[in-house]
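Structure record follows, encoded as structure tokens.
None of the figures in this text is laboratory data; all of them are computed from the coordinates on show. If you're wondering where the values come from, they're calculated on a predicted model, not measured in any experiment.
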Amino acid sequence: MTPFRMEVLGVFKSFENAIDLSQLEQQLVDFDRITLYRTLKTFQEKGLIHEIVMTGEIKKYALCEDGCGDADHQHQHNHLHFYCKGCQEIYCIDLKEYPEIRLPKFQIDNIELQAEGLCDKCSNC
């Protein structure tokens, strides 16, 4: 881990929700954009973060649980991605029970669950 990678990881740890590239850039003091992109790619490959794309255009990144990545760089823990329409934040929500889906004649390698609504903070406003 380089000092820059440690700084980027520290930014992710300081947020409870997923963050977008501009939020990440605002938290970094002095950085090269190419190095940042490479760091994000490396973190994804190593299973440290995962990319979340919701509503077709919103792209954010969130920390993964320990041991999330595998040799194929697949995100390996089951949770729901919740998009709050009020504050426009994305949260990773762990599920005690993850739905089991079986499709005849298909092999499922990955399932992504997404939900939209209002978070606790926004629904109480």
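Considering only Glu100, Glu65, Glu45, the mean-square fluctuation computed in a Gaussian network model of the chain, springs between alpha carbons under 10 angstrom, is largest for Glu100.
Taking a ≥ b ≥ c as the square roots of the Cα gyration tensor eigenvalues, with a/c under 1.5 meaning rounded and otherwise prolate when a/b beats b/c, else oblate, which class fits the chain? Taking the square roots of the gyration eigenvalues as a ≥ b ≥ c, the chain is oblate. Length gained on full extension, Lys105 to Leu80, computed as 0.36 nm times the residue gap minus the Cα-Cα distance: 6.4 nm.
Please work out the C-alpha center-to-center distance from the stretch 73-125 to the stretch 1-51 and express it in whole Å. Between the Cα centre of the stretch 73-125 and that of the stretch 1-51, the gap is 22 Å. Largest mean-square fluctuation among Gln27, Gln44, Gln114, in a Gaussian network model of the chain whose springs join Cα atoms under 10 Å apart, belongs to Gln27.
Springs between Cα atoms under 10 Å define the GNM used for the chain, and in it the highest mean-square fluctuation of Val11, Val53, Val29 occurs at Val29. For the stretch 4-125, lysine pairs separated by 8 or more sequence positions, or belonging to different chains, with Cα-Cα distances below 30 Å total 24.
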